[in-house]
Structure formats: C-alpha cells, structure tokens
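The numbers here are math on the coordinates, done by the rules we state, and not lab data. Remember, it's a predicted structure, so these values are computed and weren't measured experimentally. Note: ideal-geometry Cβ built from the backbone for every residue, glycine included; neighbour counts use all protein chains shown.
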Amino acid sequence: MSKLIAPMRPTLIATPEVESILPSEVAVGFEILEQESFVRMLYLERKRTARTGRRFVLMLLESGSVLKASGDKDTLARVLRSVASATRDTDIKGWYKDGEIFGIIFTEIDTDGRLVGRALLSRFYTAITSTLSIEEINEISLSFHVFPEESSKGTLGTPNDPALYPELSPDEDQMKGARRLKRAMDIVGSLFALAVSTPVMIAIAAAIKLTSKGPVFFCQPRVGECGRCFTFLKFRTMLTGCDDSVHKEYVKSLIAANAASEPGLDGQPKVFKMTNDPRITPIGRFLRRSSLDELPQFFNVLVGDMSLVGPRPAIPYEVKNYDIWHRQRLLSVKPGITGIWQVEGRGRTRFCEMVRMDLKYARTWSCWLDLKILLATPRAVISGNGAY
C-alpha cells in the first residue's frame, strides 16, 4: 500500500561520522539528515511549493563506492567538503538512501529549474575537480530533479519523476503483497464482470448502432497512474463530431480557484459533470444514468491501465488546468471504475472535494476498503443520484 509520510519536524543531526572526517571549519554547521528525515523534508518541500508556487531542485549524488560506509573515508570527506562549498546554509542536505545516495534540496528557486540545474552542475563540477581525481570523478553520478516537473504542466504521456516521490515506492513486502492482491482482485473481478455482462454489452452495442451514426465505443486518452496516458474505453453516449470546446471551458472554469464555491445557473453548486448536455443522445442519457456506458472499462482493468477501485481517470485537457496539489491524485494509485467519489458524491461533488477524496483514498487504501467500495457501488448506481 502506498502512503504519504505524515509531515513531522525532522531531527537535524551533525553526525559524528561527518564530524570525524571533515575539517572543523567545514563540519561546523554542516547538518546531515538521516534518510527518514530527509525524505520527510522532501515531502514538506513539495507541500510548500504547492502553496507558494516556488520551485525547488533535488540533486542526487550517487557513487559505486565513494559513499559506501565501508569506502574510503578520505574520499568521502573530500566529496562532502565539495558539497559544503557549493551549497547554501538554507539548502537541505542528507541521505536520500542511507550510505548510498546523498541528496541536496535547493529551496526557493525563482528561475527556470532547468537553468538552475545546469548552473549547479557547473558549480559542483568545479568544486569536485579541485578535490578529486579523474578516476574518482568518473565514479560519481549527479542527477537533478525539478519540482514541479515540466511534464506536470501539460506535457502528458511522460510519467512523473519517481525520484521526487521516494515515499510512494515503499519496499516493504507487506505493501508489495497488498498491491499483488489488489491486482489479482482486478483480474478476477474484470473477467467475471465481462463474462456476466457480455449479453448486455451486445444489446447496448446494437442499440447505439440503430439509434445514431458513429462507432459503438468512445475511445479517449486519459491520464493514469504517475501521469502515464492510456486509451480509455466506454460506450459512445454522444453524437459524433461534437465540439469539445464547451466542456473544456466548463472544466477550466470549474477547476479555477473561485469556481469551487460559485453556484451554477440554477443556484445549485457547480458540479464536475455538465448537466443537460445537448450533445448526449437519448440512449446515451440512459446509459449514463445507469452507468452502463462504463462496462467497456473492464477491458482497461484487465490489461492493467485501470483498477476496479481508484480515482476517476483524468482527461488530458483537465490536467493542464490542475493546480500543483491537484496533481497528487494521479501519482500513487491507478484510476478506477468506481471509487469514493463515485460512491459518495458522483456528479454532485465539487472538484476540490473530489481531489481531497482521492488523496485520502491514496493514503489509506487497502483491499478491505476496496471491497467495501465495490459492495457500495450497486446502491449508488441504482439510486442514480448525481449521475448525468
């Protein structure tokens, strides 16, 4: 199970090991965080950036032997001396992976992160060439990671940079086991649903073909786990050749900061789905209200693009209007056919409320929670509340 590490005040440590290998004039004030505290600070910096909009750059220094606990202490001392000379007091330094990968978070970056990365690379290269040999330099690998990522600003199809989210990739066997069990539930559940619903799907396909021109299925790019795009399937419920600019503008205004609390034309809260959409066919309106249009998504679950339970899959032009904190809903779990949003609110739920529901699910999901949501879904479908 993936989970975010709760923000806590980290313990700053000037480790005895560092103090013993660095000269006193460098060791003073050179505070290094242990892995758990450093990862927690990385989480807090992402939260701060989501609030202020000011970037940060994560630099990772990796070496085959220089940083190993059993390695040459003199070489490690010279590497850390270079780090100390090339960083600010406000930069956060610590072990990204204990004894293997050293990390530095350069905070409060006002300029283009890529330009900063190139400048930092030049600065560190100058610093290490004055203290290390060519052989030692060749062992060191530097990488720079800018938050927020460029891909999260609208360049879709590129996964989010996993280096910026180390806490979302736990190594615990229990969590790996939970993910395997979730995938097993997805495969068994989707195969069963497809087998049972095949006669209904054939009837729906015939009804769509007989009542309107166009294909039976609606295929659309959607943004899934970690920002990866996939082809989303559902039964076509709209007329063909419709202009989607109306929905684009609606979604843009809805996601905007002041739209979450603005009432609609009828005095009711603005909801995520458009109501009384003239582009929907008569059979399409029935399919939407009954959620039968979503039956083809079991194919998406079967191939692994989606899960039975998870956040609603995002539309690419929707993601382009996301705020930084909204994008967290795409990171750690696959999108689902059903979820907390669909069960508790469906179309009535405002966008920011939906995002908070998704984030809560990502932090707390379990196979037992998935089972409870699956059992609650038929009631939500039958009631039809909030379906448009």
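Might you report the magnitude of the Cβ-based charge dipole of the range 173-383 about its Cα centre, with Lys and Arg at +1 and Asp and Glu at -1, to the nearest 20 debye?
In total the dipole reaches around 240 debye.
Rounded to whole Hz and in sequence order, give me ³J(HN,Hα) for the range 280-292 from the Karplus expression 6.51 cos²θ - 1.76 cosθ + 1.60, θ = phi - 60°, writing x for Gly and Pro.
Result, rounded to whole Hz: 7, 6, x, 5, x, 5, 5, 4, 5, 5, 8, 6, 6.
Please list the non-local residues whose amide H lies under 5 Å from the amide H of GLY336, H modeled 1.01 Å from N, same-chain partners needing a gap of 5 or more.
SER307, GLY310, ARG312
Given points 7 Å out from each Cα along the Cα-Cβ axis, report the TRP368 to ALA256 separation in nanometres with one decimal.
Taking the two extended label points, one gets 4.5 nm.
Using the reciprocal of the averaged 1/r over all distinct C-alpha pairs, how large is the Kirkwood radius of the range 173-383 in Å?
Numbers: mean 1/r = 0.0556 Å⁻¹.
Result for the range 173-383, one decimal place: 18.0 Å.
For a Förster distance of 35 Å, can you work out the FRET efficiency between the beta-carbons of LEU375 and ASP243, rounded to the nearest 0.05?
Values: r = 40 Å, r/R0 = 1.13.
Plugging the Cβ-Cβ distance into 1/(1 + (r/R0)^6) gives 0.30.
Could you check the simple spin-label distance between SER212 and ILE187, using points 7 Å along Cα→Cβ, in nm with one decimal?
A separation of 3.6 nm, rounded to one decimal place.
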